[in-house]
Amino acid sequence: MGGETHHTMSFLSSYPKLAAGPVGKQINHIFADRLRQFTDGGQYREQGLLPKIHEGRVSGSDYVKLSVYSPPDLSRPTFKEATSHEFKLTKVGEYFGPSWSTHWFRVELTIPKELLGKDHLEFHWDANCEGMIWTENGDVVHGLTGGGERTEWILPKEYRNGKTHVFYVEMACNGMFGNAPGGDSIQPPNPDKYFQLHLADIVAINIEARALFYDFWEISDASREFPQDSWEAHQALQVCNRIMDTFIAGEGSNECISNCRQIAREYLGNVDSEKVYEGDKEAIVTGIGHCHIDTCWLWPWAETKRKVARSWSNQCDLIDRYPELRFCASQAQQYKWLEMYYPQVFDRVKKKVKEGTFQPIGGSWVEHDTNLPSGESLIRQFLYGQRYFESRFGKRCETFWLPDTFGYSTQLPQISQLAGMPRFFTQKLSWNNINNFPHTTFNWVALDGSQVLCHMTPAETYTAEADFGDLKRSVSQHKSLDQDNTSLLVFGKGDGGGGPTFGHIEKLRRCRGISDKVGLLPRVKLGESVDDFFAKIEKKIEGGTQLVTWYGELYFELHRGTYTTQANNKRNNRTAEIMLRDVEYLATLATIKEYYRKTESSYKYPKEDIDSMWESVLLCQFHDCLPGSSIEMCYDDSDELYEKVFSTGEKLIAEALSELGFEENPKAGSALTALNTLPWARTELVKLPPLANLPSYGLAHGGPGAIEIRPLASAYPASTATIQEVGKGVFILENSQYKVKVTNGVITSLYDVVEKREVIAKDAKANQLVIFDDKPLYWQAWDVEVYHLESRKELTPSKTTIVESGPHRVSLEIETNISDKSWVKTTVSLCAVTGDSPSYVEMESEVEWQETMKFLKVEFPVDIVNVEASYETQFGIVRRPTHYNTTWDMAKFEVCCHKWADLSEATYGVSILNDSKYGFATVGNLMRLSLLRAPKAPDAHADMGRHHIRYAILPHKGQLDHMTIKTAFNFNHPLKVVGYKSNTDGNAKLLAKDLTSALCITGAPNLILDTVKRGEDDEDVSTGDFPQRTNGRCIIVRVYDSLGGKSKGRLEWGFLPVRKVVKCNVLEDDRELLGMWEKGKGERGVEVEVRAFEIATFKLVLGDGE
């Protein structure tokens, strides 16, 4: 109860009482579709924004006077050479060619009075091909892409004086992606392509109009790509329409453009400088500029050298204009080319590296293939790469960078760690065409348990266009958000070079503005490095974040044909790797011989030649060269380079052998020896040189090192091998181990006499050549698809002939016609068993191959059951399924192996050896070695011609063991019969034998002594890039466990005066001092313990002193 209170209501609202008129609901899709009119080049172009960006333009000889010099014969002269020639007048509209030719243009440029007062002037040049701008003094200032991409060069301020200024344009008659005809870039290049110069103008740019273009681009993207039920998308659409309405109302004036930009700031904030990144809000995306330049692909190496100069000069300029840009580039080879051919650009890069804006990354010589190179090659990629970066820039790389390689070997984490790089970046597995790889940021674990921190950008590209969608995908496609939400965005034109453009950086500024002003879009930050990105994740791991793990290879479910394409190139790689091993081993022994003789020698370790050989081989292991996915010109180049490698290697081997007391080509009467460069004993038949009074074969027994050759009638005879034709087309080859039945040219029985076991599956045919139709979905040289297996066709031999009838070796020659243009001659051989050495059935094939889109393989159906097969990989073994239980299993229908593949049960197994092949498949009990492909793009003649292939079937008792490992090494390292020099006495022979057998490992047959070389910075070896070691010579010895078991062994060195043994990493940095032992005369060494599949490197320091 109580009194009442009366309130007086006051209405001060300005809300109108009366409706002014009808207002309709905005039809969203119509107003959204309208946006394209503003920046479209279609029928409304002249009423839109684009014409306002170019506020002045002049062309013609009064302002841009052109003359040209066209070098002959597709040559690429230097600036000095080119500008010394006479230039002839030319003009816009002229054509220049043919493909791969170079044309130098002298440009005499005069800015007219009406443009002198403009704020921003550019020179625009476009001939739909690449080019490079040089100053009159011979400095590279800018790269040109052509075809509307990167066609502008900002004119220097000093050009605005009304005078005529001279510069040069070096035109390369190829596009960014070579010279393919039509629109399909992977087709073989057209050799007769011509390019029309259609643009050579001086252009005044309205900077505010161009800025509005990027404002509108990103806001309109937000209107389309934000969720359509979000206020952020609706607001973006309203802002865009207001901008268009304001532009129309102001008739496109500069004032209305400024007003439009003010409206844009409501959604973007102020994005006109790098200060947009200075906010304290956390950014989860790190933007990194990158320019992926394939060292060869759809263009030859010579063009890559120019691509590097074009691309990196642009990036140095862009860094000056955009301080937030951080640009990373890999591949020491490309830096070396720049240093050699464009020293002025290299100096600019070096300055930017010192400032921290241009960032070397990757630590490898090139972005190499990781499936096919040997383990030692992978190490040398890092050794040569890291040493180059450290010598030029004072710092090694910490992140292994390999975004475009076709799968990743299981030992890469271990090798990367040993090379000082605990971090790894890639993205190629996003191309898988069967299974979706499940992780973004994770720990990748090698066979030995070593791990690296791996990140695969969720944007799923290393050439991002820095679009709104790239940032969205940085979260929407991120597969590790439960552990960490950060990611790298790697942006910039790539593959053919170029790198980031100013447009990329302008877009990212606006994306950051949207994130800060509106939200919803993942926040990006520029100004940090890849190493900064990884360091933050490592900090989180220290704080307890647990990343998921992936054990073993990162198998790429695409590009499986690259294990086989360009067979001769792969053979050259294997041959060069083996030769380099022998060169280093023999040269090392030659330089330490004086420790035995106590006399000085004039022989010097040929470090410069060895470095040149290695750099050439490493270059050819680039991920489009060795896999076989480049144009024919690239293989002409690699053939020439390999020829130099082989000629140099032969010379170095001959010199080292001479220093050691041998002559490579023995004469009549020379005392012969079989040189075994592998670190274990061997007993083998060897073919003797065709000298008077010598039999065809001798028995090499002993080793390692110089092995005595015994007559076959000695006290250590080899048992015989026999051959007979037992029926029409039926032959029996037999030794004391095996009985081989060949029926109509294929092996129908391989009986192990000792084990009393048939090796070939019942009613099956081994050494059966089969051919498949091979038409992948698109990438011809790269891919073989699973459906090709449905087209299997057996090839029927036409003739079988006995060509060698014993008693020490028997052979059959089997002729098979593939087509009217292609054939195979296969020699099947069986040698007499020598002692307890393993015996195998060897096949040596000569192939004339002239097919189109076919795949040749050879099959071995064996009487073995296992759900897994084993394959040699670098420094280890990969075990893969022999079944198709899951799509992950089926995806591995074609896999990579090195010298052998094996299928074993608990009591018996079969290994297939090869001397130059890498593609293999084991399905059930069928083992299949891939021999030759015939793709027609990008090389129309890939694999056409003559091929020589060796492979063998090696049955064995028990499971896979060291016997297969070492036999495969022996198969690839034939004994070399040499003679002692004629003036060599008994002591000298003993010295040579002791020296060549000094280094070995004993006590664990699974431990392989793989590499022997000199220390990189020894005083008598150093090339001067680093301080020399002056306190004794070093021998570097690399050992690994080949079977997957922790082992203890003894590294022995005979009479060598080793005073210290240090375990080191692959860069030869000391890590652990080891204790030595000496048990008696000539018994010196060190106990070593090696983890399962560990790669262990030891430094043996020779001489007296500390």
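The values are calculated or read from the model by the stated rules, or taken from the named source; none is laboratory data. Just so it is clear, the model here is predicted, and its values are computed rather than measured. For neighbour counting, all protein chains shown are included, and Cβ atoms are generated from backbone atoms with ideal geometry for every residue, glycine included. These area figures cover heavy atoms from the full protein model, side chains too; ligands, DNA and RNA do not enter into them. Shrake-Rupley method; radii C 1.70, N 1.55, O 1.52, S 1.80 Å.
Figures for the structure shown
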{"read-out": "Index of the failed condition, residue 106 passing every other in (1) farther than 22 Å from residue 345 by Cβ; (2) out of contact with any His (no Cβ under 7 Å at 6 or more places or on another chain)", "value": "(1)"}
{"read-out": "The stretch 494-524: number of residues that are surrounded by fewer than 23 Cβ atoms within 10 Å (Cβ to Cβ) and assigned to a strand (DSSP E or B)", "value": "1"}
{"read-out": "Any chance residue 447 is assigned to a loop (DSSP other than H, G, I, E, B) and touching a strand residue (DSSP E or B) at 6+ places or on another chain (Cβ under 6 Å)", "value": "yes"}
{"read-out": "Number of positions in the stretch 614-641 that are surrounded by fewer than 23 Cβ atoms within 10 Å (Cβ to Cβ) and small (Gly, Ala, Ser)", "value": "1"}
{"read-out": "Single residue of 644, 687, 667 found to be modelled with pLDDT of 95 or more, open to solvent by 30 Å² or more (accessible area, probe 1.4 Å) and among the basic types (Lys, Arg)", "value": "644"}
{"read-out": "Residue count for the stretch 114-133, restricted to those that are under 19 Å from residue 320 (Cβ atoms) and open to solvent by 20 Å² or more (accessible area, probe 1.4 Å)", "value": "2"}
{"read-out": "Which listed residue is closer than 15 Å to residue 104 by Cα and surrounded by fewer than 17 Cβ atoms within 10 Å (Cβ to Cβ), from 148, 183, 162, 138", "value": "138"}
{"read-out": "Residues of the stretch 192-237 classified as buried (at least 18 other Cβ atoms within 10 Å of the Cβ), polar (S, T, N, Q) and farther than 23 Å from residue 126 by Cα, total", "value": "2"}
{"read-out": "Where residue 874 falls short, out of the listed (1) open to solvent by 20 Å² or more (accessible area, probe 1.4 Å); (2) closer than 30 Å to residue 552 by Cβ", "value": "(1)"}
{"read-out": "Test: residue in the stretch 9-27 that is among the small types (Gly, Ala, Ser) and under 30 Å from residue 172 (Cβ atoms)", "value": "no"}
{"read-out": "Matching residues in the stretch 703-718 - criterion: being at pLDDT 90 or above and open to solvent by less than 40 Å² (accessible area, probe 1.4 Å)", "value": "704, 705, 706, 707, 709"}
{"read-out": "Meets criteria (over 27 Å from residue 561 (Cβ atoms) and assigned to a strand (DSSP E or B)) for residue 719", "value": "no"}
{"read-out": "Selection status of residue 739, open to solvent by 80 Å² or more (accessible area, probe 1.4 Å), at pLDDT 95 or above and either farther than 23 Å from residue 817 by Cα or among the hydroxyl-bearing types (Ser, Thr, Tyr) (or both)", "value": "yes"}
{"read-out": "Subset of the stretch 812-825 (residues that are out of contact with any Leu (no Cβ under 8 Å at 6 or more places or on another chain) and either of a type in the set (A, V, I, L, M, F, W, C) or under 20 Å from residue 750 (Cβ atoms) (or both))", "value": "813, 814, 823"}
{"read-out": "Candidates 888, 849, 823 - the one that is closer than 27 Å to residue 925 by Cα and not aliphatic (A, V, I, L, M)", "value": "888"}
{"read-out": "Looking only at the stretch 932-963, and only at residues there that are under 21 Å from residue 915 (Cβ atoms), basic (Lys, Arg) and more than 25 Å from the chain's Cα centre (by Cα), the one that is least open to solvent (accessible area, probe 1.4 Å)", "value": "950"}
{"read-out": "Qualifying strands (runs of 3 or more DSSP E) (wholly inside the stretch 250-361; at least 1 residues being more than 23 Å from the chain's Cα centre (by Cα) and buried (at least 21 other Cβ atoms within 10 Å of the Cβ))", "value": "285-290"}
{"read-out": "Those residues of the stretch 797-849 which are hydroxyl-bearing (Ser, Thr, Tyr) and open to solvent by 30 Å² or more (accessible area, probe 1.4 Å), in sequence order", "value": "798, 800, 801, 805, 819, 827, 840"}
{"read-out": "Residue tally, condition in contact with a Leu (Cβ under 9 Å, 6 or more places away or on another chain) and either surrounded by 23 or more Cβ atoms within 10 Å (Cβ to Cβ) or assigned to a loop (DSSP other than H, G, I, E, B) (or both), over the stretch 593-613", "value": "3"}
{"read-out": "Selection count, the stretch 980-1005, where residues are open to solvent by less than 20 Å² (accessible area, probe 1.4 Å) and either without any contact (Cβ under 8 Å) to a residue 24 or more places away in the chain or assigned to a loop (DSSP other than H, G, I, E, B) (or both)", "value": "3"}
